[in-house]
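Quick notes on the structure that follows.
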Amino acid sequence: MAAAVYTLPELPYDYSALAPVISPEIIELHHDKHHAAYVKGANDTLEQLAEARDKETWGSINGLEKGLAFHLSGHILHSIYWQNMTGPKDGGGEPLAVDGVGDLADAITESFGSFSGFKAQLTKAAATTQGSGWGVLAYEPLSGRLVVDHQGNVGQGSAPLLVFDAWEHAFYLQYKNQKVDFIDAMWAVVNWQDVAQRYASAKERGDSLLLRP
């Protein structure tokens, strides 16, 4: 078996760090089981694609490509999700210039009119995903603006900055079927320093991923 291409990242905090917003039991199960399954799925699919190339057996190519996109997207978004959060004593609130995240705060106001407008839009997008999915704040390089995405359909070239996991495994043990309560509670653990760093990095890259005439 070839060496794994993708590996499960370690959590930047212990299982209890986000309590009471997210229980230690959920963090352990979510990271160690669900995220790990995405990593394994991506690596297994890469091996299956390599086998298909070697044997020139392309009957399952459509399913394999879709599977790789699913598992790899889950791995990447989960990896951002863990970093996007911090303990309730340090996280939450609103990004402010006094906290060194003024550029992010200005971009949110420019793109959504106000922080409250942005918060309401992302909350609704995450809470109304069809069955399971994601709510994402992303930097869209063509316009240089911030956009809200849900269902994981992040636009080509857009960089995810803030990720809300709206899959049932992220909240059901604690919040039951009250997804909106979980999304509302998530705002108390947002790590705006991490989000601001991601914004600065995405803005610096600009539209370098896009073709120019």
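Strands (runs of 3 or more DSSP E) wholly in the stretch 116-186 with at least 3 residues that are hydrophobic (A, V, I, L, M, F, W, C) and more than 17 Å from TRP82 (Cβ to Cβ) - which ones?
Here the list reads 145-150.
From the list ASP165, ASP184, exactly one residue is among the charged types (D, E, K, R) and either out of contact with any Ser or Thr (no Cβ under 8 Å at 6 or more places or on another chain) or open to solvent by less than 20 Å² (accessible area, probe 1.4 Å) (or both). Which is it?
ASP165
If you take the residues of the stretch 82-92 that are farther than 8 Å from TRP192 by Cα and in contact (Cβ under 8 Å) with a residue 12 or more places away in the chain, which of them is most open to solvent (accessible area, probe 1.4 Å)?
ASP90
Considering (1) buried (at least 18 other Cβ atoms within 10 Å of the Cβ); (2) out of contact with any helix residue (DSSP H, G or I) (no Cβ under 7 Å at 6 or more places or on another chain); (3) under 14 Å from TRP187 (Cβ atoms), say which one LEU77 fails and leave the rest.
The single condition LEU77 does not satisfy is (3).
Look at the stretch 93-123 and say how many of its residues are open to solvent by 70 Å² or more (accessible area, probe 1.4 Å) and in contact (Cβ under 8 Å) with a residue 12 or more places away in the chain.
So the count comes out to 6.
Go through the stretch 29-57 and count every residue that is open to solvent by 90 Å² or more (accessible area, probe 1.4 Å) and under 21 Å from the mean Cα position of the chain (by Cα).
2
The values are calculated or read from the model by the stated rules, or taken from the named source; none is laboratory data. What you see is a predicted model; the values in this text were computed from it and never measured. FYI the Cβ positions are ideal-geometry reconstructions off the backbone, even for glycines, and counts take in every protein chain you see. Protein only, heavy atoms only, side chains kept; ligands, DNA and RNA dropped before computing areas. Shrake-Rupley method; radii C 1.70, N 1.55, O 1.52, S 1.80 Å.
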